[in-house]
1. Hey, for a label at THR148 modelled as a point 7 Å past Cα toward Cβ, could you say which residues of segment 99-136 have their backbone N under 14 Å away?
2. Tell me the carbon and sulfur percent of the accessible area for segment 34-171, rounded to whole percent, probe radius 1.4 Å.
3. With the cut-off at 1.5 for a/c, could you classify segment 70-192 from its C-alpha gyration tensor as rounded, prolate or oblate?
4. Take the alpha carbon atoms of segment 45-91, find their center, do the same for segment 101-166, and report the distance between the two centers in whole angstrom.
5. Counting only Cα atoms, I'd like the Rg/Rh figure for segment 117-165, Kirkwood definition for Rh.
6. Roll a 1.4 Å probe over the protein chains and send me the accessible area per residue for segment 117-192 in Å².
7. When Lys and Arg each count +1 and Asp and Glu each count -1, what net charge do the other residues less than 15 Å away from ASP189, Cβ to Cβ, add up to?
8. Using the Karplus equation 6.51 cos²θ - 1.76 cosθ + 1.60 (θ = phi - 60°), what ³J(HN,Hα) coupling, rounded to whole Hz, does each residue of segment 172-183 give in order, writing x for Gly and Pro?
Amino acid sequence: MSVIATAIVACTLMTGCASSGASSDPESSSSAEGGIGVEEKILNVVVTLPANLFEDTSEEEIHARAEGSGYKAVVNDDGSVEYTIPKSVHAELIAEMASGIDESIADTLIREAPIEEITHDGEYSAFAMTVNRAAFEESFSAGFVPITLGTRAMFYQLFDGVSIDDRRVVVTYIDSASGEEFDTYVLPDALE
């Protein structure tokens, strides 16, 4: 799982790491065309990662790491790597990603005084941030919180098999004094 977790971090720091298009396979949730792809099978989940994540890794290392984590790896002709992961292991990975988002929220509430509360739906597609509006609008660092949350949530959705057309994260800002929703941040729209 550490290979895939490392890939998530690497993709967060890189551009062009989204999958495009839906697979014609009826069991498939998304496909990789130069990005990350997730295809759900009956007993396994196939995660395809792009070649640029493995530039300094030998094929032997890729296979050894996969076997050590309980799944199989196939290096494709284009250098991308397909991991066939048992559904139970994939579920653990998704749970770890969800836990990471929740920990990030807890850290944000400690670190960013203008943000008083952050709630979300169970699918990490909608977040509500209750803030001290005046302090929030003056804080440079607090303004990056929706970007960070949104990016992590998009990767969660991607690895959970949400199709590219359905991946969306909406962060709503709520003024703690009035209860008024005063703005929203929407991914992927904000990146266009």
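The values are calculated or read from the model by the stated rules, or taken from the named source; none is laboratory data. Quantities reported herein were computed from a predicted structural model and do not represent experimental measurements. Note that each Cβ is placed from the backbone with ideal geometry, even for glycine, and that neighbours are counted across all protein chains shown. SASA here: full protein model, heavy atoms, side chains in, ligands and nucleic acids out. Shrake-Rupley method; radii C 1.70, N 1.55, O 1.52, S 1.80 Å.
1. Output list for this probe position: 100-116, 118.
2. Numbers: 3410 of 6920 Å².
Its accessible area is 49 percent carbon and sulfur atoms.
3. Details: a/c = 2.67, a/b = 2.21, b/c = 1.21.
Because a/c hits 1.5 or more and a/b exceeds b/c, segment 70-192 counts as prolate.
4. Segment 45-91 and segment 101-166 have Cα centres separated by 30 Å.
5. Values: Rg = 12.8 Å, Rh = 12.0 Å.
Answer for segment 117-165: 1.06.
6. Details: 3860 Å² over 76 residues.
Per residue, segment 117-192 has an accessible area of 51 Å².
7. On the way: positive: ARG167, ARG168; negative: ASP165, ASP166, ASP183, GLU192.
Computed value for this residue: -2.
8. 9, 9, 10, 6, 5, 6, 9, x, 7, 7, 10, 6
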